[in-house]
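The values are calculated or read from the model by the stated rules, or taken from the named source; none is laboratory data. For clarity, every value in this text was computed on a predicted model and none was experimentally measured. Don't worry about glycine lacking a Cβ; one is built from the backbone with ideal geometry, like all the others, and counts go over all protein chains shown.
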Amino acid sequence: MMSNISMVSSNQVAAARLRVMPSVEDDRRGITDILLDSGIFNRSDAECVDGMFGEAFTRPGDDNYRFLSCWEDGAWPGAFDERATGHDLVRDGSRLAGFACYGREALTQGTWDLFWVCVSSTARRKGAGRALLAEVLRRAQQERVRLVVIYTSSTDKYAPARRLYESMGFVRTARVPDYYAENDDLFIYTQRLASKE
Ligand SMILES: CC(C)(COP(=O)(O)OP(=O)(O)OC[C@H]1O[C@@H](n2cnc3c(N)ncnc32)[C@H](O)[C@@H]1OP(=O)(O)O)[C@@H](O)C(=O)NCCC(=O)NCCS
């Protein structure tokens, strides 16, 4: 799974640089590993995402799931140390820091759903989540999407995600008590995009 790993000393670590781009089929395994290592999602969640990834590539199109990958150029803690990158997909000196999956919400006109966003546990708090969401919003704007919706949980482990959404201009517009489980509510975040007309 890992390729192109060079060994350099840790003091050669420079500032991290993030690039967000459409995922390619070879990112699939790395995305699964990020989910399994997330501390939040379990194997059946990872299998669900894997199924969506498969669909995205067998039936690409406006009405299907779309995936973005965020790559971090060679400057993470322990970069190039094979032991430290055990869970990371590394390609050409960059590692897969996270991904997002979004797409059109069925039965709506101009509404997108951000289905998944996850950043590798060792790449967090460096802007990857923000970069992924910014790219989803940029693409939504470009495609004249009216509304972007995110479903998430009220529990503590999703607090970083809620902070991220709020910091990116999403507003909590609904709460469904006990939706996921007892004392685990559904929060729906939305962001209306300004029409350019
Ligand atoms: C939520 C998640 C995607 C954030 O990714 P990230 O790359 O660490 O986030 P960023 O570095 O881009 O942070 C952007 C902003 O989000 C908020 N944020 C992110 N992590 C936070 C944390 N642990 N505590 C508080 N705020 C946090 C902050 O406002 C932050 O801005 P700041 O760093 O300037 O304070 C990441 O924590 C993750 O993958 N969590 C597990 C999966 C998950 O919960 N997915 C969402 C399911 S609905």
Within the bounds of region 128-139, is there any residue that is within 16 Å of S38 (Cβ to Cβ), touching a Pro at 6+ places or on another chain (Cβ under 9 Å) and either surrounded by 14 or more Cβ atoms within 10 Å (Cβ to Cβ) or not acidic (D, E) (or both)? yes
Hey, could you check region 153-190 for residues that are among the aromatic types (F, W, Y) and touching a residue at least 40 places away in the same chain (Cβ under 8 Å) and say which is nearest to A134 (Cα to Cα)? Y189
Restricting the search to region 157-197, which residues are surrounded by 11 or more Cβ atoms within 10 Å (Cβ to Cβ), part of a loop (DSSP other than H, G, I, E, B) and away from the ligand (no atom under 15 Å from the Cβ)? L193
Given the residues D37, D45, D27, which is the only one that is acidic (D, E), within 14 Å of the ligand (Cβ to nearest atom) and at pLDDT 95 or above? D45
